[in-house]
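The values are calculated or read from the model by the stated rules, or taken from the named source; none is laboratory data. Nothing here was measured: the structure is a model prediction, and the numbers come from that model. No Cβ is skipped: glycine too gets one built from the backbone with ideal geometry, and neighbour counts run over all protein chains shown.
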Amino acid sequence: MAVVSISRFHTAAAGAAFLVAGVLLVVMLVVESASVHVFFSWPTVLAYLAIGIGFAILATGSVSNLAARAVLLIGAVGWVLLAVQTVARLPLGLNTLAWILAVVGGIAGAVLLLTARLVARRAATAFLATTVAVTLQWLLLFSAIAVPLAAIVAVGFLVTGALLVATPRTP
């Protein structure tokens with residue numbers, strides 16, 4: 001039985017979206033560390049949208065794996081809701097639901113991408129590590145390690161994006 005992977009186009013497009021998100025998350029960290037206080041952060045909104053787009057691209061590319069498509073779409077919805085929440089200040093329950101969708105869709109999607117060999121192993125591993133860092137960032141949002149975790153998430157999306165763009169799928 002042949003392993004069917006996500007197309008090279010979808011992999012590279014998702015990687016580009018994650019690269020953009022990583023750069024925007026770095027910009028957000030720089031803006032916040034410079035103590036620039038704004039009502040909401042455009043880099044954050046655009047980064048969350050780029051992450052949601054990356055998830056959606058991976059989902060549309062996983063034509064042969066319905067489970068991967070479903071959980072990646074769940075993650076995409078979560079990230080888009082987080083972007084909307086950054087601008088519109090959704091109710092707390094909806095914000096929590098958005099984080100749960102992003103985290104569950106991210107971790108489950110990364111595990112399926114890795115185990116089903118839908119993308120290169122290194123890219124899938126980086127994606128899994130990044131989604132675990134996102135989970136820790138959400139759980140420890142108000143702790144002393146929130147900023148270092150945000151930096152790890154930003155670098156994680158940069159690395160994941162670069163690996164998705166640069167590496168062909170290998171079993």
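Only a single item in (1) in contact (Cβ under 8 Å) with a residue 24 or more places away in the chain; (2) out of contact with any helix residue (DSSP H, G or I) (no Cβ under 9 Å at 6 or more places or on another chain) is not met by ALA120, and it is number (2). Restricting the first member to region 146-160 and to residues that are buried (at least 19 other Cβ atoms within 10 Å of the Cβ), and the second to residues that are not in a helix (DSSP H, G or I), the beta-carbon pairs closer than 7 Å and six or more apart or on different chains are LEU149/LEU140. The set of residues in region 97-122 that are in a loop (DSSP other than H, G, I, E, B) and crowded, with 20+ Cβ neighbours inside 10 Å comprises LEU118, VAL119, ALA120.
Here SER62 meets each of (1) in contact (Cβ under 8 Å) with a residue 60 or more places away in the chain; (2) of a type in the set (Ser, Thr, Tyr); (3) surrounded by 21 or more Cβ atoms within 10 Å (Cβ to Cβ) with one exception, condition (1). The number of residues in region 103-141 being of a type in the set (Ser, Thr, Tyr) and farther than 21 Å from ALA70 by Cβ comes to 1.
Against the test of being buried (at least 18 other Cβ atoms within 10 Å of the Cβ) and assigned to a helix (DSSP H, G or I), the options LEU94, LEU46 yield a single qualifying residue, LEU46. Looking only at residues in region 17-27 that are surrounded by fewer than 20 Cβ atoms within 10 Å (Cβ to Cβ) and touching a helix residue (DSSP H, G or I) at 6+ places or on another chain (Cβ under 6 Å), the one that is modelled with the highest pLDDT is VAL26.
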